[in-house]
Every structure is written in C-alpha cells, then in structure tokens.
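The structure appears right after this line, and notes come after that.
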Amino acid sequence: MIRLISDNNKLNMDVFKDLFFTIKWTKLPRVLGPNHTDYFYTGVLEDNERRIAITVRPTQIMAISENLKGRHPQDGSIPLETYKGHLVEWGSYVEVKVPDSFMKDLDEWSQVPVVKAAQTLEW
C-alpha cells in the first residue's frame, strides 16, 4: 500500500490524483447572510487498511488525515500475524493550499447531501 501522506509529512500528489475520483466528496453550505454562501467540501475513503478524511475549507486550505488500521501501538509498524496484543490506528495529518482550478473540479465532482426531515415524536 502506498501512503497518501509521506513520512516527511508531505502530500503524495500522484497518489492523491489516483484516489481523487474514488473518494466520496460532499458539498456542505455555510450561509453567512441572505446573499452570501460559502461551501466546505468533505471527502471520505475507507477500506480494510486505512481511513482517509479530507476537509476543504472556503479559504482553499485542504486538511487531510490518513489513519492506518491494525498497527502496533509502540511504533506504528505492521505486527506479525502471530501477534495477539492490542492494535491501534496510526495516522498522519497535513494541510495543503489548493488552487482555484482544483476547487472548480471539486465543486463539479462533489454531491450535496440529501436533507432529511426530522421526525417528531408525538406523545
């Protein structure tokens, strides 16, 4: 498995470009006034080996968290198959400034979540 965030806390751009279309992107509005709305974008990708969570703010800062599953608690290494102890998620975090062209593609690819009506309990 090739990691999205390298050991020197840099985003691996080639891996990110390969994963971009497999990430589930969501567009979340932030209403600042009657005529002004900004959008946050969130992305989630989870499989058996890792969990990736991404947030893109209206300020064009992208925060990426990559957690690797089933790691040894002391050093984050992959344990031997005979290991019977406790396992943890071992992660990395990085923030990256993104250009306008990325925001445009993200806006086209992301989906607006369906708003569900709240159920009311009648007593």
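Please treat every number below as a calculation from the coordinates, not as lab data. Note that the structure is a prediction, hence the values are computed from the model and not measured. Positions of Cβ are backbone-derived with ideal geometry, glycine not excepted, and every protein chain shown enters the neighbour counts.
Okay, here's what the table says:
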item	result
Spatially proximal lysines relative to Lys27 (Cα-Cα < 23 Å; intrachain offsets below 8 disregarded)	Lys17, Lys97, Lys104, Lys116
Gaussian network model of the chain, Cα within-10 Å springs - most flexible of Thr55, Thr82, Thr42	Thr82
Reach of Lys69 by Cα under 21 Å, taken over lysines that are not fewer than 8 positions away in the same chain	Lys10, Lys24, Lys84
Computed [θ] at 222 nm, helices only, for the chain once each DSSP H run of length n ≥ 4 contributes -39500 (n - 2.57)	-4000 deg cm²/dmol
Loop sites in the range 24-93: chymotrypsin sites (Phe, Trp or Tyr not before Pro), DSSP, at most 12 other Cβ within 10 Å	Tyr83
The range 13-109, dipole about Cα centre (Lys/Arg Cβ +1, Asp/Glu Cβ -1), debye to the nearest 20	280 debye
The chain: angle of helix 100-109 to the longest principal axis, Cα-based, in degrees nearest 10	90 degrees
Gaussian network model of the chain, springs between alpha carbon atoms under 10 Å - residue of Val96, Val88, Val31 with greatest fluctuation	Val31
In order through the range 58-74: 3J(HN,Hα) via Karplus (6.51 cos²θ - 1.76 cosθ + 1.60), integer Hz, x for Gly, Pro	x, 7, 6, 9, 9, 9, 10, 10, 10, 10, 8, 8, x, 10, 6, x, 6
Asn48/Trp123 FRET efficiency (R0 35 Å; Cβ-Cβ; nearest 0.05)	0.20
Loop-located trypsin sites (Lys or Arg not before Pro) in the range 14-123, at most 14 other Cβ atoms within 10 Å (DSSP)	Lys84, Lys116
Among Glu66, Glu108, Glu81: highest mean-square fluctuation, GNM of the chain, C-alpha pairs under 10 Å	Glu81
